[in-house]
1. As an exercise: evaluate residue 336 against (1) closer than 30 Å to residue 48 by Cβ; (2) part of a loop (DSSP other than H, G, I, E, B); (3) out of contact with any strand residue (DSSP E or B) (no Cβ under 8 Å at 6 or more places or on another chain); (4) open to solvent by less than 50 Å² (accessible area, probe 1.4 Å) and give the number of the one condition it does not meet.
2. Residues 114, 79, 96: which one is closer than 21 Å to residue 163 by Cβ, of a type outside the set (Phe, Trp, Tyr), within 12 Å of the ligand (Cβ to nearest atom) and open to solvent by less than 10 Å² (accessible area, probe 1.4 Å)?
3. Tally the residues that are polar (S, T, N, Q) and not in a helix (DSSP H, G or I), restricting the search to the range 235-275.
4. Kindly indicate whether residue 104 is away from the ligand (no atom under 15 Å from the Cβ) and either of a type in the set (A, V, I, L, M, F, W, C) or open to solvent by less than 10 Å² (accessible area, probe 1.4 Å) (or both).
5. Quick test of your reading of the structure: residue 263 fulfils all but one of (1) of a type in the set (D, E, K, R); (2) open to solvent by 30 Å² or more (accessible area, probe 1.4 Å); (3) within 12 Å of the ligand (Cβ to nearest atom). Name the failing condition by number.
6. Considering only the range 244-252, I want to know if a residue exists there that is within 16 Å of the ligand (Cβ to nearest atom), among the β-branched types (Val, Ile, Thr) and closer than 22 Å to residue 154 by Cα.
7. Is it the case that residue 272 is within 16 Å of the ligand (Cβ to nearest atom) and basic (Lys, Arg)?
8. Looking at the range 1-46, which of the residues that are more than 9 Å from the ligand (Cβ to nearest atom) and of a type in the set (D, E, K, R) is modelled with the lowest pLDDT?
Amino acid sequence: MHVVVVGQGYVGLPLAVYAAEAGHQVVAYDTDVSKIKQLSVGETYIDDIPPERIRRLVDDGSLHPTAEAQDIEPYEIAVIAVPTPLTDGVPDLSHVESAAVALAQALRPGAAVVLESTTYPGTTRNSVGALLQKHSGLCAGQDFHLGFSPERTDPGNPDWNLTNTPKIVAGIDRASLDALCTFYRTFVNRVVPVSGCEEAEYAKLLENTFRHVNIALINEMATLGHELGIDVWESMEAAATKPFGFMKFTPGPGVGGHCLPVDPQYLSWHSRRTLGRRSRFIELADEINADRPLHVVRRITQALNDRKKAVNGAGVLLLGLSYKKNIQDTRESPTVRVVRELVRLGADVRVADPHVPLDAEIPGIPTHQVKRVDCEPSTLAASDVTVLLTDHDRFDYADIATHSAYVLDCRRRLQTLEHVEYL
Ligand SMILES: NC(=O)c1ccc[n+]([C@@H]2O[C@H](COP(=O)([O-])OP(=O)(O)OC[C@H]3O[C@@H](n4cnc5c(N)ncnc54)[C@H](O)[C@@H]3O)[C@@H](O)[C@H]2O)c1
């Protein structure tokens, strides 16, 4: 099939690659010229997609990266995988809307358009569908197919990928559902058909809200346990032996990435706007998870105080800039908030992350405030406090344990030692 994938980020690029490998002709469209330049020469910017896979597809012509909307020719399937951020705390659909307008000019009878971006219920039908109709003169359902299929990508997860993760697919009608299921079945092992787009949109918000709320719960349990003098990690492992009715979540320095800090707020906003009702679980989870980086700073302050030192002037080495292990994505990373707060308090902050290039710009931290270093014995030994925020496999944990004066381990990666404390 002739396929267009709009947006070549964490969701769109893997999808374009899997679709091209399945034998489709894929136009990989993104407005970010630098990304398209990289793809065109077979380079990658996503850890899970190695450059060889891109190079092979670009060379044999099945993957055509472009930053020009005019290169979008009539297609059979178009997938929208663009960001759905919050702007001033409110859902911002401008990327989705401009993607729909770009696709409308090449929309022909019989084609299908599917939205993969996470959003509030009704977006597929009321925003994407309406714009496609307005700018193409065609009618959704009658002339073209339309649907929603949420992405479940888990960057850095070596076990679950696009092919072996079941994929929810919904259409505005039976024909749309059938057309989209046929497409996804060419590279996904198990497609889960859902009868309505709104139900599928809601399912994605449910998945992310479930994680957000449960992480908040375990974070709060961890804080309470610590203050009660209980080893919460041991309690957690013990509870996790229950074979039913319990699911293990681990405490940490906060949530990051494009999903958890953002998606539940789409639901919260939608419910306030449509029903005039607050979503109390989401608000509470936001509050608890957003406080975690400050909780880390409070624990650092406490540890320094126990050693008769002040934060002001202390050398603090933070390990991990990305929001989760083994990836380079720093969006909404809790480390950013920890850096800012420590800098405000006068600490001498250094950050090591083997996945994030030393010269990368980190949104939220002015370049002069982040001293980027490698995690080496001398750097560890020169710091008053080492804080393990992201437990990348590439860190040398023996070095960290041996050469640090004190470690605050936010991931329980190190063994119990006198100079190691867990968050
Ligand atoms: N990253 C994840 O783990 C993940 C998981 C599931 C769902 N999602 C959802 O998928 C969507 C995309 O997320 P992402 O992480 O891939 O974002 P991303 O920022 O990595 O990639 C989005 C890309 O879209 C491009 N873009 C923006 N507007 C465009 C336009 N009008 N036309 C063409 N390209 C455009 C951007 O330049 C960017 O390269 C979001 O709604 C997100 O919530 C993300």
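1. Every condition holds for residue 336 apart from (2).
2. On the way: 114 fails: within 12 Å of the ligand (Cβ to nearest atom); 96 fails: closer than 21 Å to residue 163 by Cβ.
Of the residues listed, the single one that is closer than 21 Å to residue 163 by Cβ, of a type outside the set (Phe, Trp, Tyr), within 12 Å of the ligand (Cβ to nearest atom) and open to solvent by less than 10 Å² (accessible area, probe 1.4 Å) is 79.
3. Initially, the range 235-275 is screened for residues polar (S, T, N, Q), giving 235, 241, 250, 265, 268, 271, 274.
Okay, now just the ones that are also not in a helix (DSSP H, G or I), so 241, 250.
Selection size over the range 235-275: 2.
4. Numbers: away from the ligand (no atom under 15 Å from the Cβ): no; either of a type in the set (A, V, I, L, M, F, W, C) or open to solvent by less than 10 Å² (accessible area, probe 1.4 Å) (or both): yes.
The answer is no for residue 104.
5. For residue 263, the failing item is (2).
6. We begin by selecting, within the range 244-252, every residue within 16 Å of the ligand (Cβ to nearest atom); these are none.
No - not one qualifying residue is present in the range 244-252.
7. Numbers: within 16 Å of the ligand (Cβ to nearest atom): no; basic (Lys, Arg): yes.
Against the criterion (within 16 Å of the ligand (Cβ to nearest atom) and basic (Lys, Arg)), residue 272 does not qualify.
8. 43
The values are calculated or read from the model by the stated rules, or taken from the named source; none is laboratory data. Keep in mind that this is a model prediction, so the values were computed, not measured. Cβ atoms come from the backbone with ideal geometry, glycine included; neighbour counts cover every protein chain shown. Each accessible area value is taken on the protein alone, full model and side chains, heavy atoms only, with ligands, DNA and RNA left out. Shrake-Rupley method; radii C 1.70, N 1.55, O 1.52, S 1.80 Å.
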